[in-house]
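Engineer: The structure that follows is given in the form of C-alpha cells.
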Amino acid sequence: MTGGSGFIGSSLVKKWLKDGHSLRVLDNGMRGQMRRLSDVEDEIEFIQGDVREFDAVNHASKGMDAIAHLAYINGTEFFYSKPELILEIALKGLINTIDAALKNNIGQYWLMSSGEVYQTPEHVPTNESVSLKVPDPLNPRYSYGGGKIISELYALNYGLSNFDKVVVVRPHNVYGPDMGWEHVIPQFICRAHELNASIKTGILPFDIQGDGSNTRAFCFIDDFTEGASLAFQKGGHREIYHVGTSDEISISQVATKIASLIGRDASIVASKEPEGQTSRRCPDISKVCALGYNPRVTLDFGLDRTTDWYLSNLALRNTNKLASAQD
C-alpha cells in the first residue's frame, strides 16, 4: 500500500491486518503520520520511500499479490497552494506503481480515487457513470480532481490486458479522528473551540465560506473502511465504486452541530466562497451496497467522536502540515 500512514490508508491497514493479510507500506511522511500506525507497526513491513521514485516503488512491490495505491496530497488548501506538487505526485506515483506491478507480475491493482473527479455532478445522488470534468484548467483547485481523472484513465485502460483485476474506489467526504487539519470538519471544530474560549456567553458568530447552503454526505472512517475493503476485494475487474453515505446535509448544519457539541449555539456568518466549489455532492452507493456494504455510523455519533479527538489533541495542530517536497 502506498500512502499507508495517511488517514484512510492507516485505517485500511488495520482492517486488512485484522482480516489476516500481510502488508507492506510505502510512505514518505509528506502527509502521513506514523503515529496512526503505532499500534500495528510490529505487524507490518514499513518502507520509507517516495512514490515519485521508481526504485523505491519497485523495491516495495517485490513479492506482493496486489498494489493498493493511495499516496496523494489531499486537503483543499493545498489544491490552491501546491497544484504542481499534487499533479507531480499524481502522475509519477500512478505511472511508477503501474510499472512496478507489471515488472513484478502483480495481478491486482487497487486505486483510491475521489468524488472530486466529477466536480459539479449532473444529478444527485450521483452514480459511477457520471461524466468526469475539469471545468477550468486555469483554476488550481482542479489539480486534485484532474490528477485523479488521469489516474483512473491510466489504471482502467492498463487493466484491459495487463491485470487480472483493477478496481477504483471513489471516497466521498470521509471524516473521523486524526483526519488532518485542513478539512472542513476539523476546521469547524477548531473554530468552535476558539470562539467558545473568546466569547463566553451568547450565540457564537460562526464564519464559513459561502452561505452554508452547499451540501455534502459525510461518511465516518469506520464505515468507509468496510465499504472500500468490500469494493477492492469483492468488486469486479475494471469497476468503479462510490463509497460513502447517502445522508446529505448542508455545511451550515454541520457548523451548528459542531458548535452544539461544545455546548453553544451558533449563528452562521457568510463570506465569499472560493471559485470552483461544488454546490451539492452525495453519492449513489447502491453499487457497493450490492456487495454487502451497509454504513451504520450516524453523523451525530461520528461528529461527537471526531470532536472529542480534536479537542483532546490540539497540541498536534501544527504537526500535520504538508512536509517539504524534498523530505
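For every residue, the table says whether it meets (1) closer than 21 Å to Ala231 by Cα; (2) among the hydrophobic types (A, V, I, L, M, F, W, C).
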residue	(1), (2)
Asn28	no, no
Glu45	no, no
Phe54	no, yes
Ala71	yes, yes
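Engineer: When segment 7-32 is examined, which residues are found to be assigned to a loop (DSSP other than H, G, I, E, B), surrounded by fewer than 23 Cβ atoms within 10 Å (Cβ to Cβ) and among the charged types (D, E, K, R)?
Structural biologist: Asp19
Engineer: Six or more apart or on different chains, Cβ under 6 Å: which pairs go from a residue in segment 77-104 that's over 15 Å from Lys62 (Cβ atoms) to one that's surrounded by fewer than 22 Cβ atoms within 10 Å (Cβ to Cβ) and of a type in the set (Phe, Trp, Tyr)? Could you list them?
Structural biologist: Once the first residue is over 15 Å from Lys62 (Cβ atoms) and sits in segment 77-104, its partners that are surrounded by fewer than 22 Cβ atoms within 10 Å (Cβ to Cβ) and of a type in the set (Phe, Trp, Tyr) give Leu94/Tyr154; Ile98/Tyr158.
Engineer: How many residues are out of contact with any His (no Cβ under 7 Å at 6 or more places or on another chain) and either small (Gly, Ala, Ser) or in a helix (DSSP H, G or I) (or both) if we restrict to segment 95-112?
Structural biologist: 9
Engineer: Restricting attention to segment 251-269, does a residue exist that is farther than 24 Å from Asp178 by Cα, touching a Gly at 6+ places or on another chain (Cβ under 6 Å) and acidic (Asp, Glu)?
Structural biologist: Step one: of segment 251-269, the residues farther than 24 Å from Asp178 by Cα are 265-269.
Checking which are touching a Gly at 6+ places or on another chain (Cβ under 6 Å) leaves us with 268.
In the following step, the residues that additionally are acidic (Asp, Glu) were identified as none.
No, that holds for no residue.
Engineer: Quick check: is even one residue across segment 49-62 among the hydroxyl-bearing types (Ser, Thr, Tyr) and over 26 Å from Pro283 (Cβ atoms)?
Structural biologist: Scanning segment 49-62 turns up at least one residue that is among the hydroxyl-bearing types (Ser, Thr, Tyr) and over 26 Å from Pro283 (Cβ atoms).
Engineer: May I ask you to list the residues in segment 86-137 that are closer than 30 Å to Ser286 by Cβ, within 19 Å of the chain's Cα centre (by Cα) and acidic (Asp, Glu)?
Structural biologist: Glu116, Glu128
Engineer: Give the residue, chosen from Gly227, Gly146, Gly159, Gly212, that is closer than 21 Å to Ile262 by Cβ and either free of Cβ contacts under 8 Å to residues at least 60 places away in the same chain or crowded, with 16+ Cβ neighbours inside 10 Å (or both). Steps first, answer last, please.
Structural biologist: Numbers: Gly227 fails: closer than 21 Å to Ile262 by Cβ; Gly146 fails: closer than 21 Å to Ile262 by Cβ; Gly159 fails: closer than 21 Å to Ile262 by Cβ.
Among Gly227, Gly146, Gly159, Gly212, only Gly212 is closer than 21 Å to Ile262 by Cβ and either free of Cβ contacts under 8 Å to residues at least 60 places away in the same chain or crowded, with 16+ Cβ neighbours inside 10 Å (or both).
Engineer: Select from segment 35-75 the residues that are surrounded by fewer than 17 Cβ atoms within 10 Å (Cβ to Cβ) and farther than 27 Å from Asn104 by Cα and list them in ascending order.
Structural biologist: Arg35, Ser38, Asp39
Engineer: Separate question: Which count do you get for residues in segment 136-175 that are aliphatic (A, V, I, L, M), over 30 Å from Tyr80 (Cβ atoms) and either part of a strand (DSSP E or B) or touching a helix residue (DSSP H, G or I) at 6+ places or on another chain (Cβ under 9 Å) (or both)? Walk me through it before giving the result.
Structural biologist: Filtering segment 136-175 down to residues aliphatic (A, V, I, L, M) leaves 138, 149-150, 153, 155-156, 160, 166-169, 174.
Remaining after also requiring over 30 Å from Tyr80 (Cβ atoms): 160, 166-167.
Adding the requirement that they be either part of a strand (DSSP E or B) or touching a helix residue (DSSP H, G or I) at 6+ places or on another chain (Cβ under 9 Å) (or both) leaves 166-167.
Qualifying residue count, segment 136-175: 2.
Engineer: Does any residue of segment 259-271 turn out to be of a type in the set (Asp, Glu) and within 21 Å of the chain's Cα centre (by Cα)?
Structural biologist: First, pick out the residues of segment 259-271 that are of a type in the set (Asp, Glu): 265.
Filter once more, keeping what is within 21 Å of the chain's Cα centre (by Cα): none.
No, the conditions are met nowhere in segment 259-271.
Engineer: What's the number of the condition Arg264 fails, among (1) surrounded by 17 or more Cβ atoms within 10 Å (Cβ to Cβ); (2) within 20 Å of Phe232 (Cα to Cα)?
Structural biologist: Going through the list (1) surrounded by 17 or more Cβ atoms within 10 Å (Cβ to Cβ); (2) within 20 Å of Phe232 (Cα to Cα), Arg264 breaks only (2).
Engineer: Which of the residues that make up segment 34-68 are closer than 18 Å to Ala101 by Cβ and touching a Gly at 6+ places or on another chain (Cβ under 9 Å)? Before the answer, list the steps.
Structural biologist: Applying the first criterion (closer than 18 Å to Ala101 by Cβ) to segment 34-68 yields 45, 47, 49-68.
Those that are closer than 18 Å to Ala101 by Cβ and touching a Gly at 6+ places or on another chain (Cβ under 9 Å): Asp50, Val51, Arg52, Asp55, Ala56, Val57, His59, Ala60, Asp65, Ala66, Ala68.
A quick yes/no check of all residues on (1) closer than 30 Å to Met30 by Cα; (2) in contact with a Pro (Cβ under 7 Å, 6 or more places away or on another chain); (3) of a type in the set (A, V, I, L, M):
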| site | (1), (2), (3) |
| --- | --- |
| Ala231 | yes, no, yes |
| Ala259 | no, no, yes |
| Asp265 | no, no, no |
| Pro283 | yes, yes, no |
| Ala290 | no, no, yes |
| Arg296 | no, no, no |
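Engineer: Filter segment 78-97 down to the residues that are touching a Leu at 6+ places or on another chain (Cβ under 9 Å) and farther than 18 Å from Val134 by Cβ, then identify the one that is modelled with the lowest pLDDT.
Structural biologist: In this case the residue turns out to be Ser81.
Engineer: Still on this structure: Of all residues in segment 54-76 being over 25 Å from Lys234 (Cα atoms) and either touching a His at 6+ places or on another chain (Cβ under 9 Å) or assigned to a loop (DSSP other than H, G, I, E, B) (or both), which is modelled with the highest pLDDT?
Structural biologist: At the first step, the residues of segment 54-76 found to be over 25 Å from Lys234 (Cα atoms) are 54-59, 73-76.
Now narrow it down to the ones that are either touching a His at 6+ places or on another chain (Cβ under 9 Å) or assigned to a loop (DSSP other than H, G, I, E, B) (or both): 73-76.
Numbers: Ile73: 91, Asn74: 83, Gly75: 75, Thr76: 75.
Across segment 54-76, the extreme among qualifying residues is Ile73.
Engineer: Got a sec? Which of Tyr109, Tyr118 is in contact with a Phe, Trp or Tyr (Cβ under 7 Å, 6 or more places away or on another chain) and among the hydroxyl-bearing types (Ser, Thr, Tyr)?
Structural biologist: Working: Tyr118 fails: in contact with a Phe, Trp or Tyr (Cβ under 7 Å, 6 or more places away or on another chain).
Step by step, each of Tyr109, Tyr118 is checked, and only Tyr109 is in contact with a Phe, Trp or Tyr (Cβ under 7 Å, 6 or more places away or on another chain) and among the hydroxyl-bearing types (Ser, Thr, Tyr).
Engineer: Within segment 127-143, how many residues turn out to be of a type in the set (S, T, N, Q) and crowded, with 20+ Cβ neighbours inside 10 Å? Break it down into steps so the answer makes sense when it comes.
Structural biologist: Here is the first cut: in segment 127-143, the ones of a type in the set (S, T, N, Q) are 127, 129, 131, 139, 143.
Keeping just the survivors that are crowded, with 20+ Cβ neighbours inside 10 Å gives 143.
The number of residues fulfilling the criteria is 1.
The values are calculated or read from the model by the stated rules, or taken from the named source; none is laboratory data. Keep in mind that this is a model prediction, so the values were computed, not measured. Cβ coordinates were reconstructed from backbone atoms using ideal geometry, including for glycine residues, and neighbour counts include every protein chain displayed.
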